[in-house]
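Input: a single structure, listed below in structure tokens.
The values are calculated or read from the model by the stated rules, or taken from the named source; none is laboratory data. None of the values given here were measured: they were computed from a predicted structure. In this analysis, Cβ positions are derived from the backbone assuming ideal geometry, glycine residues included, and neighbour counts consider all displayed protein chains.
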Amino acid sequence: MTWWQRLWRRRKMEEQLEKELRFHLDQHASELIAQGHSPNEAQRQARLALGGPEQVKEKCRDARGTRWLEDLLQDTRYALRTFRQKPGFTAIALLLLALGIGATTVMFAVVNSVLLRPLSYPEPDRLVTLRVFTEQIGELWGFSNLDFGDAKRESLTLALAAWTYGGGTISEPGEAEYVNGRQISAELFSTLGISPVQGRAFRPDEDRPGAAPVAIISYGLWQRDFGGEPSAIGKSLVYDGKPYTVVGIAPVGFQLDGEADVFTPLEPRQNTDPRMQNRRARFLRVLGRLRPGFGLAEGRAELALIARHLAEEYPKSNTGLSMIAYPLQKELVGDVGSTLWLLLYAVGLVLLITCVNVASLLLARAVSRERELAMRVALGAGRSRLARQCLTESAILGLGGGVLGVVLAFVSIHPFVAFWPGSLPRAQEVHLDWRVLVFAVGASLLSGLLFGLAPALRVPVRGVEQMLRAGARSIAGSSRRLHSAFVISEIALAVVLLVSAGMLGHTLLALSSLDPGFNVHDVIAARFALSPATLGNPEQVREAWQDVLDRARRVPGVDSVTLADIIPMREGENSLPYWTTATPPPPNHEPVALASCVSPDYLKVMGIPLRQGRFFNEHDRIGSEPVVVIDENLAQHAFGTKDAVGKRIWIPAMSPSPVLIVGIVGHVRHWGLAGDDQSRVRDQMYYPFAQVPSPLLHFFSSIMSIAARTTIPPLKVVQPLGQQLRGAAGDQVLYEIRTMEQLVSASLARQRFLLLLFGIFAGLALLLACIGIYGVLAYLTGQRVPEFGVRIALGASARDVMRLVLRQSLGMIFAGVGVGILAALAAGRLLMHTVDGMRPTEPSTFAIMIPLLVAAALFASFLPARRASRIDPMSALRQE
Amino acid sequence: MPEKSDLPQGTLDLLILKVVALGAVHGYAIAQRLEQVSRGVVQVPQGSLYPALHRLENRGLLAADWEETESGREAKFYRLTRKGRTQLETEAASWQRLIEAVGLVLKLSEGGAK
């Protein structure tokens, strides 16, 4: 018989076992009768000789070898029956567990998809991203085109490819629409190891100045503008005013750093972009694939060598510049990793509290079942057998909660990802896979084991007799201690989450009240590209921009309008080196300032205070003396005084001769309310758009934004403004439209998001801890009813009894708070490392959060205490 | 009546195999025979007889059938399987060796041990 047959025929085997033993007893008895014993005496002796029939049966069952499985089935049935008998308890336990496991599963799914799962390119671990490092600015993501070209040619260990941002209006086919684009080097697709789903990647000869214009379009654009027809290959696409031939369709969801719809070759940009020939213009993102046989260390060593050669050859631009390679996956994920782990830890704490809660529920039940267990031990059940039964019960509870939790996770994971502030890297890859399921099952079983352990260990071994003899109301001291330990750990965990949430709230408040340096109300900013038709000679371009400003100013509700290449708190920046004496500092050791190219009304639109001198006016134009306005930080750093008007500074990127400082303005928190204090480049300067040299005008025209101060709610002017600026050909569009309020608020999105989640977790923890305290105290006071009865009978007042109960709970609460404070201090350090602008743990946070917790916990203990004080001594004593 | 002694650990299985090897037999008879053959020296713990039988059956050393006894009642009769026979032979041999070795050690005179 195989084991499953044995299992299948269990009932029959039970009958046979019974029959076999009966036969034995009868034989023995009849023999004894033959020897002259009375029938009763004979039966008694036979039974004594065999030993207790039930114990023998148990041992025989053990000998079958399928015992564990039978027991499992039996225990499962038993557990399900008990759960059915106590639907309230079961529902609460399942709900708690589903919440805990569901939340943990969602966080793990995100961590798994974003951090753990390899990139979806072939051999993803051989992909690297390259960065440059200078002592002056630190690490930069950007390469100059010439450095990239040299590195690509010289490297033996790495195949390199590059891309940069682009974008423009697609005027044909379909409605005019502004799309994001990327200019890529021809090798990009082959380096990543992917190929277009239709058509082909770029050929090397197409990635050259003067080559016929070709484009690869995104899968989305293909569906939108070409109806997904394969015949799109070879069709024409008018993009940024130029006709391109479509040669390929990128795979679904392909993205480098954010989505883009049009990919064009990089090198033909030589014609229009002066940065392509400038070694100091570091604007290319570079990635590489390690060639077979080389590792990351070799690649890094070779890059260091190449960088040293370039520094020798081009000391002016490359001195002190090094190149570093990082694994691509780490780079793509960026600093999201720390936030994700932080949330996973936090959610793990909530799950732990849940487990403790369910454990104390189960323990309370186990203690009240002590007599039942003692009875079973007396009837021959082994200790391990009973422990196993307890664990089966809790494992079933855990798995049940796990199944519900996975359902919960399945439903909530996409809303959660959509809720992530900014864009979560690899968000489109987030889903539940087998790893997540394994995690969820593991978490459920582990939780089950965790909360089942305490009741299982309480299975009685010795003193069964006393236990059976004692009334149901007696309670062992160890159980009380265990219960207290549960409450203490729950409170400690809740303290950690509450204090963390409090710290985040405090930080967010402090950051929100910081002065951004400009007036955030009633300002709207949008990127804007001129019609390619107007980009003729420089005079035309200047006139076109003037026209845009004039038209925008006439829109009803618009108070003032300005142009700017960078907008505070929005992505994008331009750092330029400068110096204050005629002799320049050594290359790459110059100080650096954030430079904005703006039109005269910028100060008015943004509401930045003018400290000294003047801002730009219409007399600052090409041909007149080059001027700058600096912020108070730069004045302080460069000249040691706020009184710098009339001095000159050298800004080689703007002009070979020194530039006159005409005004000083207030500092603007360009890097966001939270990030500005930590950023490396905090000095700022402004220079007039009207003085941008003619050769650069074409390039600047592609990066300018419009900002307007309005007299009506700013979003109301978007529509008329767009109408007014469409231009003669109708191909000028506003895009990335944001109010400054939105940008300021987005700069704190991460802090707010963390606060919200921690707030939810902390609230949940507080609630769970209160339920836990209530449950434990209700149970403990329930056990002490006879004692209270005696006390009251002996003259204790209701007050005395209440005080007794509350003292017990206060002891647990304060022990929990003590442990919690220590843990919270450690958690606070972790938070400070993870979140920008995080304030250290302040006493005030504890001062608010801990009384809150103590109050809630006391409230939870009040009900059992009051019930204890109202005990009627007569009925209480009669119970005993 | 001589003093009864407990069975050394693990010998019960060997004794059961030996008794069953003599012919199909039910549990009660095995207990009887063990006690008779050992002239009452070996105390067969009846409580552990049946678990041992079931364990041996489970390991495939014994097979069992329900048959009628002379008195007309159904009883579970155990037989030795081929596997059981081999097991019996090896265990009996090793038991024999053990006894001889223990005997030799016990025969040493106290002076000779020095």
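One table, with the values for the structure above:
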item	result
Members of region A:137-164 found to be free of Cβ contacts under 8 Å to residues at least 60 places away in the same chain and crowded, with 17+ Cβ neighbours inside 10 Å, listed by number	A:G149, A:K152
So A:A510, is it closer than 19 Å to A:Y602 by Cα and not aromatic (F, W, Y)	no
Any pair with Cβ under 6 angstrom, 6 or more apart, that starts in region A:32-61 at a residue that is free of Cβ contacts under 8 Å to residues at least 60 places away in the same chain and crowded, with 18+ Cβ neighbours inside 10 Å and ends at one that is among the hydroxyl-bearing types (S, T, Y) and outside any loop (DSSP other than H, G, I, E, B)	A:V56/B:Y50; A:C60/B:Y50
Evaluation of B:E57 against (1) closer than 21 Å to A:Q27 by Cα; (2) part of a helix (DSSP H, G or I); (3) within 11 Å of chain A (Cβ to nearest Cβ) (one fails), failing number	(1)
A:L509 being free of Cβ contacts under 8 Å to residues at least 60 places away in the same chain and not assigned by TED's automatic domain parsing to the domain that holds A:D601	yes
Any hit, region A:519-542, residues being among the small types (G, A, S) and without any contact (Cβ under 8 Å) to a residue 24 or more places away in the chain	yes
Some residue of region A:201-210 being touching a Gly at 6+ places or on another chain (Cβ under 7 Å) and surrounded by 14 or more Cβ atoms within 10 Å (Cβ to Cβ)	yes
The listed residue being surrounded by 14 or more Cβ atoms within 10 Å (Cβ to Cβ), within 14 Å of chain B (Cβ to nearest Cβ) and among the basic types (K, R), out of A:K12, A:K19	A:K19
Candidates A:A176, A:A159, A:A151, filtered to the one that is at pLDDT 90 or above and touching a Gly at 6+ places or on another chain (Cβ under 8 Å)	A:A159
Subset tally (residues that are within 13 Å of chain A (Cβ to nearest Cβ) and within 21 Å of B:W95 (Cα to Cα)) for region B:15-30	2
Within region A:798-828, tally of residues that are under 25 Å from the mean Cα position of the chain (by Cα), exposed (fewer than 15 other Cβ atoms within 10 Å of the Cβ) and in contact (Cβ under 8 Å) with a residue 12 or more places away in the chain	1
Failed item, numbered, when A:R726 is tested on (1) surrounded by fewer than 18 Cβ atoms within 10 Å (Cβ to Cβ); (2) in contact (Cβ under 8 Å) with a residue 60 or more places away in the chain; (3) of a type in the set (D, E, K, R)	(2)
Single residue of region B:41-52 satisfying the filter (hydrophobic (A, V, I, L, M, F, W, C) and either farther than 16 Å from B:A31 by Cβ or more than 8 Å from chain A (Cβ to nearest Cβ) (or both)) that is surrounded by the fewest Cβ atoms within 10 Å (Cβ to Cβ)	B:V41
Residues (within 8 Å of chain A (Cβ to nearest Cβ) and of a type in the set (A, V, I, L, M)) located in region B:60-78	B:A75
A:R289 being assigned to a strand (DSSP E or B), within 30 Å of A:L754 (Cβ to Cβ) and among the basic types (K, R)	no
Any chance A:A485 is in contact (Cβ under 8 Å) with a residue 60 or more places away in the chain and either more than 20 Å from A:P688 (Cβ to Cβ) or not assigned by TED's automatic domain parsing to the domain that holds A:L351 (or both)	no
Spans of helices (runs of 4 or more DSSP H) in region A:22-116 with at least 1 residues within 30 Å of A:H414 (Cα to Cα), in contact with a helix residue (DSSP H, G or I) (Cβ under 6 Å, 6 or more places away or on another chain) and within 14 Å of chain B (Cβ to nearest Cβ)	none
Within region A:611-634, tally of residues that are out of contact with any helix residue (DSSP H, G or I) (no Cβ under 7 Å at 6 or more places or on another chain) and either in a loop (DSSP other than H, G, I, E, B) or more than 23 Å from A:I567 (Cβ to Cβ) (or both)	10
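A quick yes/no check of all residues on (1) assigned to a helix (DSSP H, G or I); (2) touching a Lys or Arg at 6+ places or on another chain (Cβ under 8 Å):
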| residue | (1), (2) |
| --- | --- |
| A:I491 | yes, no |
| A:V499 | yes, no |
| A:H506 | yes, yes |
| A:F518 | no, no |
